[in-house]
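Participant: One structure, as structure tokens, below. Some questions next.
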Amino acid sequence: MNEKDHKTAMVIAQVSVSFGVLVCIAGAWIGLVLLESRFLEGAMGWAMIALQTLPTFVGGLLLIVAGGILRTVTIDSSARE
């Protein structure tokens, strides 16, 4: 892997991790907004909050993990050369 490809992969990995963190923060914000709105009450309200925040958290965590994997693979492949 040449140096240009290495730098590009590292930038993509960092963007993925950063965007994943932003998505997780957005999920927490969505959950807090829904929790403070008094329209959702009881078990149905908790189900609505869970159904809207959990996929956001999972998507954010997947982006963070994918960025970490890309960073590890890139560092490992550059060390072999």
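The values are calculated or read from the model by the stated rules, or taken from the named source; none is laboratory data. Predicted model, so just to flag it, every value in this text is computed and none were measured. Virtual Cβ from ideal backbone geometry, glycine too; neighbours counted across all protein chains shown.
Participant: In region 8-51, what count of residues is obtained for those that are modelled with pLDDT of 85 or more, of a type outside the set (A, V, I, L, M) and surrounded by 15 or more Cβ atoms within 10 Å (Cβ to Cβ)?
Facilitator: 6
Participant: Across region 5-35, what is the total count of residues that are farther than 16 Å from V65 by Cα and among the small types (G, A, S)?
Facilitator: 4
Participant: In region 40-47, is there at least one residue being in contact (Cβ under 8 Å) with a residue 12 or more places away in the chain and either hydrophobic (A, V, I, L, M, F, W, C) or within 30 Å of T74 (Cβ to Cβ) (or both)? Don't jump to the end; show me each part of the working.
Facilitator: To start, the set of residues in region 40-47 that are in contact (Cβ under 8 Å) with a residue 12 or more places away in the chain comprises none.
No: zero hits.
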